[in-house]
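Take a look at the structure set out below.
The values are calculated or read from the model by the stated rules, or taken from the named source; none is laboratory data. In this text the structure is predicted, and so the values were computed from the model without any measurement. Cβ atoms come from the backbone with ideal geometry, glycine included; neighbour counts cover every protein chain shown.
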Amino acid sequence: MEYKITNAYCKRVWDDLSARYADQGHFLQAAGLVLQTISPVVDKMPELEKTAVLERLVEPERIIMFRVPWTDDKGVPHVNRGYRVQFNSAIGPYKGGLRFSPEVGLDVLKFLGFEQILKNSLTTLPMGGGKGGSDFDAHGKSEGEVMRFCQSFMTELYRHIGADTDVPAGDKGVGGREVAWMFGQYKRITNAWTGVLTGKGLDFGGSLIRPEATGYGLIYFAECMLAKMGTDFKGKTCLVSGKGNVAQYATEKINQLGGKVITMSDSSGYILDEDGIDAEKLAYITELAASKARISEYVKKYSKAKFFAGEKPWGVKADYAFPCATQDEIYEEDAKKLVANGIKLVAEGANMPTRAEAIAYLQANGVRFAPGKAANAGGVAVSGLEMSQNSERLSWTREEVDAKLKNIMTQIHDNAWNTAKEFATEGDYVSGANIYGFLKVARAMMAQGLC
Ligand code: NDP
């Protein structure tokens, strides 16, 4: 993809970055889109170049890589690779999830960590950007195997994190169960109970609404977008991809707001249920996800639904689309199908599910598009609220946290909207989110000197 990077300083940083990290395509896409969209602002701020803000912004402050040895149930040893990318701590301790999935390596973690810097800045909370994980694949592993893996992973990671240094959370492949096992191991090694991880269980420092936060936050953000378009969810048909944490709670919230979700998916394919995936059917999908079963099981229970093996849901006619599974879900050909099928809004629940070419196509064809760094920031926002509750040694009610989440998503929306209007085009949430998130981090980096 050719990025339209109009500012000379941004272009110089981009040329250097794309030559140096030619093998890191996902990271380059994340950085390229940011450098393209912040160009008009960089034009007006020569002090950024004088203090090398961009060269510093695109290089992680630190990358930690380590081996993770563990034994399976038969006593056979295995070794995976573990990582923590501590990208930027200008506005707060590094904060970002841990992903356990075979695709995990420096490219994926640098893209996620880079996105996290601006996402966390957008939340208005004091959190820097980081990301970590391992190429461990939990599919087909027993509970004991996953627990031993988590303990081994934390046995190295613990020395690099801390409540005021770096506070990881879950991500794809890391849910509440894994966070709890890692938290237990951290406590055992350090003999200290601190809020070093978020997404913890409610009995030991977790926040109400954290499991729901990313999916609910996504739909709160979409509600704000729809309000600008003069409409809402009532009676509207939605495509959701994924069947994990984000997809489940996005679907729940759409149902609550009177919308109808007709698709969900996993890495084996998607299901289409024209009658809508209501609360009871969603509970069954949640059960399937918890037991690591395939989504094709759904059509055995609900025989009017159809399963499409190896396919994505973007060819189905609907009003709004919410990619909530993983990166690279919507390519340009998928964007063409979405437009042809009358989709009016695409909001990313996952991180970078939409390729840059596809974003350009959607925007050029009048589809309102929300990037993940704004639309899925609800998860990390409630993680930030969990950190506050841990520091204060208290717990807020479900209603309090939900109200704070809604308020933060509305602020993120309005900041992105107003910034796009000022510096780019009205309704261009990609530019609005990037510029707003960038300015706060850049100001902090300049104030703190060359470090
Ligand atoms: P989960 O592990 O709970 O769920 C991920 C889902 O995506 C699973 O259903 C998985 O299916 C499916 N999936 C994986 N690969 C593919 C594929 N190639 N095609 C279709 N489906 C696929 O993860 P989360 O819901 O937590 O995260 C989903 C996305 O949201 C990620 O991009 C994550 O970074 C992002 N995100 C998550 C946040 C959170 O709070 N959890 C916060 C912000 C962003 P299968 O079971 O077959 O593997």
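Only one residue in Ala335, Ala347, Ala360, Ala356 is within 16 Å of the ligand (Cβ to nearest atom) and in the same structural domain as Val240 (by TED's automatic domain parsing). Which one? Walk me through how you get there before you give the answer.
Values: Ala335 fails: within 16 Å of the ligand (Cβ to nearest atom); Ala360 fails: within 16 Å of the ligand (Cβ to nearest atom); Ala356 fails: within 16 Å of the ligand (Cβ to nearest atom).
Exactly one residue qualifies, and that residue is Ala347.
Restricting to the range 131-147, name every residue that is touching a helix residue (DSSP H, G or I) at 6+ places or on another chain (Cβ under 9 Å) and in a helix (DSSP H, G or I). Give the derivation first.
Our first condition is that a residue be touching a helix residue (DSSP H, G or I) at 6+ places or on another chain (Cβ under 9 Å); within the range 131-147, this holds for 131-134, 136, 138, 141, 143, 146-147.
Scanning the range 131-147 gives Glu143, Val146, Met147.
Mind checking which strands (runs of 3 or more DSSP E) fall wholly inside the range 1-120 and carry at least 3 residues that are more than 26 Å from Asn245 (Cα to Cα)?
Because the criterion is at least 3 residues that are more than 26 Å from Asn245 (Cα to Cα), the strands (runs of 3 or more DSSP E) in the range 1-120 that meet it are 62-71, 77-88.
(1) surrounded by fewer than 20 Cβ atoms within 10 Å (Cβ to Cβ); (2) more than 18 Å from the chain's Cα centre (by Cα): which one isn't true of Ser207, the others all being true?
Only one criterion is unmet by Ser207, namely (1).
Please specify each residue of the range 223-249 satisfying the condition of being among the polar types (S, T, N, Q) and in contact with a helix residue (DSSP H, G or I) (Cβ under 7 Å, 6 or more places away or on another chain). Can you show your working first?
Quick first cut of the range 223-249, residues among the polar types (S, T, N, Q) only: 231, 237, 241, 245, 248.
Passing the criteria: Ser241, Asn245, Gln248.
Considering each of Lys141, Lys119 in turn, give the residue that is among the basic types (Lys, Arg) and buried (at least 24 other Cβ atoms within 10 Å of the Cβ).
Values: Lys141 fails: buried (at least 24 other Cβ atoms within 10 Å of the Cβ).
None of the others qualify; the one that does is Lys119.
Considering only the range 83-142, state which residues are among the small types (Gly, Ala, Ser), in contact with a strand residue (DSSP E or B) (Cβ under 8 Å, 6 or more places away or on another chain) and over 20 Å from Ala30 (Cβ atoms).
If the condition is that a residue be among the small types (Gly, Ala, Ser), in contact with a strand residue (DSSP E or B) (Cβ under 8 Å, 6 or more places away or on another chain) and over 20 Å from Ala30 (Cβ atoms), then Ser134, Ala138 are the ones that fit.
I want to confirm something. Restricting to the range 120-141 and keeping residues that are within 13 Å of the ligand (Cβ to nearest atom) and of a type in the set (Gly, Ala, Ser), which single residue is farthest from Gly105 (Cα to Cα)?
So, considering only residues that are within 13 Å of the ligand (Cβ to nearest atom) and of a type in the set (Gly, Ala, Ser), the one farthest from Gly105 (Cα to Cα) is Gly140.
Sort through Thr286, Thr251 and tell me the only one that's assigned to a helix (DSSP H, G or I) and more than 23 Å from Thr354 (Cβ to Cβ).
Details: Thr251 fails: more than 23 Å from Thr354 (Cβ to Cβ).
After ruling out the rest, the residue left standing is Thr286.
Regarding Gln24, is this residue of a type in the set (S, T, N, Q) and under 28 Å from His160 (Cα atoms)?
Details: of a type in the set (S, T, N, Q): yes; under 28 Å from His160 (Cα atoms): yes.
So Gln24 passes the test.
Residue under question is Phe111, and the condition is that it be surrounded by fewer than 24 Cβ atoms within 10 Å (Cβ to Cβ), of a type in the set (A, V, I, L, M, F, W, C), within 15 Å of the ligand (Cβ to nearest atom) and at pLDDT 95 or above; does it hold? Outline the logic, then answer.
Numbers: surrounded by fewer than 24 Cβ atoms within 10 Å (Cβ to Cβ): yes; of a type in the set (A, V, I, L, M, F, W, C): yes; within 15 Å of the ligand (Cβ to nearest atom): yes; at pLDDT 95 or above: yes.
Answer is yes for this residue.
Does any residue of the range 259-266 turn out to be of a type in the set (S, T, N, Q), more than 17 Å from the chain's Cα centre (by Cα) and within 18 Å of Gly97 (Cβ to Cβ)?
Our first condition is that a residue be of a type in the set (S, T, N, Q); within the range 259-266, this holds for 263, 265.
Okay, now just the ones that are also more than 17 Å from the chain's Cα centre (by Cα), so 263, 265.
Those left that are additionally within 18 Å of Gly97 (Cβ to Cβ): none.
No, the conditions are met nowhere in the range 259-266.
Okay, residues lined up against (1) under 15 Å from Ser241 (Cα atoms); (2) hydrophobic (A, V, I, L, M, F, W, C):
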site: Ala305; (1), (2): no, yes
site: Asp319; (1), (2): yes, no
site: Asp334; (1), (2): yes, no
site: Lys344; (1), (2): no, no
site: Ala374; (1), (2): no, yes
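Filtering the range 232-281 down to residues that are more than 9 Å from the ligand (Cβ to nearest atom) and in contact with a Pro (Cβ under 6 Å, 6 or more places away or on another chain), which residue is farthest from Trp314 (Cα to Cα)?
Top of the filtered list is Thr263.
Restricting attention to the range 147-178, report how many residues are of a type in the set (Val, Ile, Thr) and without any contact (Cβ under 8 Å) to a residue 40 or more places away in the chain.
Initial filter on the range 147-178 (of a type in the set (Val, Ile, Thr)): 155, 161, 165, 167, 174.
From what is left, the residues that are without any contact (Cβ under 8 Å) to a residue 40 or more places away in the chain are 155.
Here the count works out to 1.
Would you check which residues across the range 148-196 are within 25 Å of the chain's Cα centre (by Cα) and in a loop (DSSP other than H, G, I, E, B) and list them?
Answer for the range 148-196, where residues must be within 25 Å of the chain's Cα centre (by Cα) and in a loop (DSSP other than H, G, I, E, B): Ile161, Ala163, Asp164, Thr165, Gly170, Lys172, Gly173, Gly175, Thr194, Gly195, Val196.
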